[in-house]
Amino acid sequence: MKVSLQWLNQYIDVSDFFNQPQVLADKITQAGLEVEDLEDPAKNLANVIVGQVKELASHPNADKLTLCQVDIGEGTLRQIVCGAKNHRQGDKVAVAIPGAVLPGDFAIKKSQIRGVDSLGMMCSEVELGLSNESAGIMILPKEAQVGTSFAEYMGLNDIIFELKVTPNRADCLSHLGLARELSALLDRPLKFPETTLKTTDKTSSSLVKLELKNSEWCPRYAGRAIFGVKVGPSPVWLKQSLEKIGLNSINNIVDVTNYVMMELGQPLHAFDATFISESKIIIDNSIKGEKFTTLDGTEIELSGDELTIRDGEKAVALAGIVGGKNSGVNEETKDIFLESAYFTAATVRKTSRRLGIQTDSCYRFSRGTDPDGVVEAMNRACHLIQQVAGGQVAKDFWDEYPLPIKKEPILVEHSYLEERLGYAVDFFDFAKWMSRLSCKVEEDSVASQCWVSAPMYRWDLWSDIDLVEEYGRLHGYDKIPEKLPSLSYEPLSEDKEYTHQKQWNQKLCEEGFLQAVNYNFVSKDFEIQLLGNEADEKTTGLVTIAEAVKISNPISEDYNVMRRRVFTGLFKNLVYNYRHGSEYGRLFETGHVFYSSGEEYKQNMHLGLCAWGQKNQLWQKEKSRPVVYDVKTAIENLLESLHIPSWQWREFPQGKVPTYLHPYQTTVLFLEGRMVGYMGSLHPSLLDDNKIRTGAAMAELDMQKIMRGQPRVPQAKAISKFPAVTRDFSFVMSSEAKVSDRIQKMKKISGSLLQKVEVFDEFTGGQLKEGERSVSFRLTFQDMDGTLNEQRLAQLQKEMLS
């Protein structure tokens, strides 16, 4: 949020900080409201002065240039060559003299243009950094005073603070709110803005009838009629006030509502009474399926769960978010109905997130506004509207507040305060700081306690610990003594899951994979589209989750359920990286997946891997291996590092492969008789749909199953004293025969003599029949008791070939 120091000075005297704004910024930051940036708009406008063109002539050496004699209040005229065509003799202009450095580091110097001296430059709005486009130099109003600093004339001799306001401090989202905070910090009096109304005999009910139907979502709704306003451009002071903090000027009525919102923190809305059907304003839910067009022309369909402001026929505003195009103020508006309300934060936030609409009003309502300030803000706006647009304010106003919100006093005990802060506290000092915060304090000196009633705009003060925190913040965190905690208990051991996860992460990084961290939230539609039929997932060895766990208050529809598979996020990473030029990648993620079992919510720890592309190496063969083998290697090396003795890769049960996997390049992992996950290449159609032109593979494992019995103690094996012997075998096999079956048979025949089996070649074609292939194996034999002789090796060979 941007705050103007001049504007702030209207409510609290901070004039002594104009020459040292950083000091004030540091005080604000130390109190918990971070000042992210300080901007001095006048800095780039030094040596820019209001001038007047006294004489205008053609340049003697250039037809397209003019030669101007300009008065800037020095007593003599300055000669300036100008290339623009929109100025006339007598015009007031912004003149940059030598020594000025305009935005973009454009330094103004004395120069010669076509042989004629030019002692400055008459500037356009673009050159002054005030606009992105302009038709010529900036022509100022006739009342502009010659010789005045241009920054001062434009009201830019100000300091703009950029604040980062935490979600719990919605009370500081306005100039008065920050002034209240500074009043407490600096112990200076607060000045409230003026509200003086000239009312007419007309009533608000004569213009609009009001009905509050949903007081649960809108506890308080106020409104006042103003008759005979004249809509037009805002006066300079109002326009400048808004533009300095980043808001555009629209018209005098709308600008007043924005001004009061930035002044008091209470969003307002003005309706053109002409467009309110049946002269009714009704606060009620939307009608499912109805269309609503916002002020900027965006048409949205309502679900029936939004709170709307309605007339006798239709919705005219989304409560707390945006007004409707069908009732907005325009140049023809004469009578307006000014709305000021308190909508619950949850109501506004939910609608805003569902529809994807963010406005300044919504930003404040969704964090919590002041229900006690509703009428005050409305009357302040009426006061300003009378100043800038005329009109007659109704003598009464609507104020529907059926169940006033109240805060209960908070009991704070002296002993509790000192216990929480860790140092001795003067209870009188605590009461003093609470009073500075506009809290009402009732002390009980006998019992060493007090009752504190916090103002309604402080939604963050509800319990004694909140008040303890406030005192610590205001009194100074530096007052809290440094003290090492006493080690009266034995330190807890690290969480097993954390230790295991750290171990997996380290090993996979060694394998060349990078760790990805994704949200636990995903889009329900995207997940269903990607994972396909739930029945296919039953064959993967992972928990089958029929229905994702829904989020009751999702940030957006892209994050409305808890993820069922880690792969969902990894696939998004793959698509994003590939589309941004990364044609090779190796990613893994360890994280939870979520599901419900009856009324209970559960989570499982999963490991996901994703790989795509191959590195281009000059010495590699033209035909590279499928990417899925890199995933397989990483998993097997991980299992070996965990000292897991045996595992097997098998076909999917019943051949039911998930739809997103290649049907002939997939496998499931069996570990000690349990199916614990799966691996495979991604289906070509899935890659084509996402315009991925390289091979990709993924795996997902249930690490809770894999880590049962961990940590495992490695089994020591004796090393044979006798030499190992290798033999190569080639088998002609059916193309459909499994290599794993052949390996199991060789292991069964050889027993403990067979130390290692490797597949080193596969051949098809030549003299082999169609549907046949030759697979070559390299077997390593070694005996613990003696040297293997040829007779024993020949016997093994005979049995394997039989």
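The values are calculated or read from the model by the stated rules, or taken from the named source; none is laboratory data. All of these numbers come straight from a predicted model, not from anything done at the bench. Glycine also receives a Cβ, built like all others from the backbone with ideal geometry; neighbour counts cover every protein chain displayed. The accessibility values were calculated without ligands, DNA or RNA, using every heavy atom of the protein model including side chains. Shrake-Rupley method; radii C 1.70, N 1.55, O 1.52, S 1.80 Å.
Values computed for the structure shown
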item	result
Meets criteria (in a loop (DSSP other than H, G, I, E, B) and among the hydrophobic types (A, V, I, L, M, F, W, C)) for residue 424	yes
Any hit, the range 189-207, residues being in a strand (DSSP E or B), of a type outside the set (A, V, I, L, M) and in contact with a helix residue (DSSP H, G or I) (Cβ under 8 Å, 6 or more places away or on another chain)	no
Residue check for residue 69: in a strand (DSSP E or B), open to solvent by 60 Å² or more (accessible area, probe 1.4 Å) and without any contact (Cβ under 8 Å) to a residue 24 or more places away in the chain	no
Of the criteria (1) assigned to a loop (DSSP other than H, G, I, E, B); (2) crowded, with 16+ Cβ neighbours inside 10 Å, which one residue 282 fails	(1)
Lone qualifier among 313, 339, 331, 376 - being in a strand (DSSP E or B), in contact (Cβ under 8 Å) with a residue 24 or more places away in the chain and among the acidic types (Asp, Glu)	339
Selection status of residue 138, within 22 Å of residue 249 (Cα to Cα), touching a strand residue (DSSP E or B) at 6+ places or on another chain (Cβ under 6 Å), open to solvent by 20 Å² or more (accessible area, probe 1.4 Å) and of a type in the set (A, V, I, L, M, F, W, C)	yes
Conditions (1) of a type in the set (S, T, N, Q); (2) within 26 Å of residue 145 (Cβ to Cβ); (3) part of a helix (DSSP H, G or I); number of the one not met by residue 29	(2)
Checking residue 33 against (1) within 29 Å of residue 166 (Cα to Cα); (2) out of contact with any helix residue (DSSP H, G or I) (no Cβ under 7 Å at 6 or more places or on another chain), the condition it does not meet	(2)
Pick from the range 484-517, criterion among the polar types (S, T, N, Q) and not in a loop (DSSP other than H, G, I, E, B), ranking: surrounded by the fewest Cβ atoms within 10 Å (Cβ to Cβ)	506
Hits in the range 352-361 (condition: touching a strand residue (DSSP E or B) at 6+ places or on another chain (Cβ under 8 Å), modelled with pLDDT under 95 and assigned to a helix (DSSP H, G or I))	355
Qualifying residue in the range 448-455 (condition: outside the structural domain of residue 373 (by TED's automatic domain parsing), assigned to a loop (DSSP other than H, G, I, E, B), in contact with a Ser or Thr (Cβ under 9 Å, 6 or more places away or on another chain) and not small (Gly, Ala, Ser))	yes
Of residues in the range 422-463 being modelled with pLDDT under 90 and among the charged types (D, E, K, R), the one least open to solvent (accessible area, probe 1.4 Å)	444
Members of the range 288-307 that are part of a loop (DSSP other than H, G, I, E, B) and of a type in the set (A, V, I, L, M)	295, 302
Matching residues in the range 238-256 - criterion: being open to solvent by 10 Å² or more (accessible area, probe 1.4 Å) and touching a strand residue (DSSP E or B) at 6+ places or on another chain (Cβ under 6 Å)	244, 245, 246
Candidates 714, 645, 658, filtered to the one that is touching a helix residue (DSSP H, G or I) at 6+ places or on another chain (Cβ under 6 Å) and outside any strand (DSSP E or B)	658
Residue list for the range 257-279, restricted to those being among the hydrophobic types (A, V, I, L, M, F, W, C) and either open to solvent by less than 20 Å² (accessible area, probe 1.4 Å) or closer than 24 Å to residue 347 by Cα (or both)	260, 261, 262, 264, 268, 270, 271, 273, 276
Filter result (in a strand (DSSP E or B) and touching an Asp or Glu at 6+ places or on another chain (Cβ under 9 Å)) within the range 96-116	96, 102, 106, 111
Scan of the range 550-574 for residues that are of a type in the set (A, V, I, L, M), buried (at least 19 other Cβ atoms within 10 Å of the Cβ) and within 23 Å of residue 356 (Cα to Cα), ordered by number	561, 562
First in the range 676-700 and more than 18 Å from residue 581 (Cα to Cα), second anywhere and open to solvent by 10 Å² or more (accessible area, probe 1.4 Å) and charged (D, E, K, R), Cβ under 7 Å, 6 or more apart	676/705; 679/632
Check on residue 685, in the same structural domain as residue 637 (by TED's automatic domain parsing), open to solvent by less than 70 Å² (accessible area, probe 1.4 Å) and among the polar types (S, T, N, Q)	yes
Any chance residue 108 is over 30 Å from residue 266 (Cβ atoms), among the aliphatic types (A, V, I, L, M) and open to solvent by less than 50 Å² (accessible area, probe 1.4 Å)	yes
Single unsatisfied condition, residue 128 versus (1) open to solvent by less than 10 Å² (accessible area, probe 1.4 Å); (2) over 23 Å from residue 258 (Cα atoms); (3) of a type outside the set (Gly, Ala, Ser); (4) not in a loop (DSSP other than H, G, I, E, B)	(4)
Some residue of the range 631-641 being more than 22 Å from residue 516 (Cα to Cα), crowded, with 20+ Cβ neighbours inside 10 Å and out of contact with any Cys (no Cβ under 8 Å at 6 or more places or on another chain)	no
Output for the range 291-332, where each listed residue is open to solvent by 30 Å² or more (accessible area, probe 1.4 Å) and acidic (Asp, Glu)	296, 299, 301, 305, 313, 331, 332
